[in-house]
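J.: The following block contains the structure, expressed as structure tokens.
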Amino acid sequence: MMRTFAALLATFLLCPGQAVADGGFVDRPEVRDFIDDMQARHGFGRTELNRLFRKLTPQPRALLAIAPPKDPVAKSWQAYRARFIESARVEGGLRFWDRHLTMLEAARQRYGVPEEVIVAIIGVETIYGRNKGRFPTLATLATLAFDYPPRADLFLRELEALLLLARETGSDPLAFQGSFAGALGIPQFLPSSVRNWGVDFDGDGQVDLNGSAADAIGSVANFLASHGWESDGPIAHPAQVEGTRHEELLDGAVLPRLAFSDMRGYGVSAHGAPDAPCVLVDLVTPNAATEYWLGFRNFYVITRYNRSSFYAMAVFALSQELLARRKARLASR
């Protein structure tokens, strides 16, 4: 019987970095428990899994990359925004939009997600497939599952999902490559997301998020729609605050709770904003004025892709820049 996640976490907290230190995984008791569980619940052969885990090289670079910044106070919205609203992603996004216009229109019609949002997510994630990551995914997920206690439960599930994905697609589990967090392909889906929301949008009989832009487009749209995307709904709207009562709204929540009209009593104003459920989002930059926005249901849906208000706002900002630039180019023709 596999240990509970709580028991595994306790083991990891006592022995962080053990795989990195001893150069392997397969002899560790928590890895043996995982293998036993995969055999019991999914019918994997213990011999085959032992063989795979013996071949894995721990990935200390993944542990370094995923660790939170040492100085969280230094987190800067202006610096974060500048990483994504820049020429490579804007000009590249316009070319991507032109190249895949038909598929983007089809995704909007099927899932209700506008083209600019799909393009922006792919641009933020991989610059339209240019930076998909070169970490060996199986070894990376094993390292994070067994040597990163803060999120071990998540990465244990993703390690399980990768092995299931490899079996379902007839792929070699050792052949997958992706990000330092185990994300895969053009849209950077975790293995569980590939299994749950990946779609064969080009109709060739397989879901290929690594090589098919069409499948990436359809899968991003399907992911957002499946998480509650509201067709033609608002995403975000700039806001202003007066006094200090608005601070009561800044509790880290991103799920819309109050209609905009209810926020006025907290000193929040936003000219032209729809009176729909929203949250107040504060985008902080050290030594600069904080930007305030209203985040609506679709803003929340984008955070299901990445649990960060900075991320969701970067996607929104890039989508609006792409849309404005595309409209301007079409008007000038």
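J.: Just to be sure I follow: if Rg is taken over the C-alpha atoms of the chain and Rh is the Kirkwood radius over the same atoms, what is Rg/Rh?
T.: 1.01
J.: Here's something else I'd like to know. Among 56-64, 226-234, how do they line up by average Cβ neighbours within 10 Å per residue, starting with the highest?
T.: Per-residue Cβ counts within 10 Å, averaged per peptide and sorted highest first, yield 56-64, 226-234.
J.: Moving on to the next point. Please report the net charge: other residues with Cβ closer than 13 Å to the Cβ of residue 202, K and R +1, D and E -1.
T.: -4
J.: Amide H neighbours of residue 186 under 5 Å, counting only residues 5+ apart in sequence or on other chains, H built in-plane at 1.01 Å?
T.: Amide H to amide H, under 5 Å and 5 or more residues apart or across chains, residue 186 pairs with 210.
J.: Can you put 47, 285 in order, fewest other beta carbons within 10 Å first?
T.: 47, 285
J.: Expressed in nm to one decimal, what extension gain is obtained for the pair residue 64 and residue 91 from 0.36 nm per residue of sequence separation less their Cα-Cα distance?
T.: 6.6 nm
J.: Along each principal axis of its Cα atoms, how long is region 110-193 end to end? Whole angstroms, biggest number first, please.
T.: Largest first, region 110-193 extends 38, 31, 24 Å along its Cα principal axes.
J.: A further question follows. Using +1 at the C-beta of Lys and Arg and -1 at the C-beta of Asp and Glu, which of 49, 331, 254 has the Cα lying farthest in the positive direction of the dipole of the chain?
T.: About the Cα centre, the residue reaching furthest to the positive side is 331.
J.: Please report 254, 124 as a ranked list, fewest other C-beta atoms within 10 angstrom at the top and most at the bottom.
T.: So the ranking, lowest neighbour count to highest, is 254, 124.
J.: Follow-up question, since we're still on this one. When you count, for each residue, the other Cβ atoms within 10 Å and take the mean per peptide, how do 26-37, 173-184 rank with the highest first?
T.: The most tightly packed comes first, giving 173-184, 26-37.
J.: Could I ask something else about it? What does the helix-only formula give at 222 nm for the chain: each DSSP H stretch with n ≥ 4 adding -39500 (n - 2.57), the total divided by the residues, and the result rounded to the nearest 500 deg cm²/dmol?
T.: It lands at -16000 deg cm²/dmol.
J.: Residue 129: net charge of surrounding residues, Cβ under 13 Å, Lys/Arg +1, Asp/Glu -1, itself excluded?
T.: +2
J.: Compute the signed sum of charges (Lys and Arg +1, Asp and Glu -1) over the other residues within less than 9 Å, Cβ to Cβ, of residue 314.
T.: +2
Quick note: the coordinates plus some simple rules give every number you see, no bench work behind them. Computed from a predicted model, the values in this text were never measured in an experiment. As a convention, Cβ positions derive from the backbone with ideal geometry for all residues, glycine included, and neighbour counts pool all protein chains shown.
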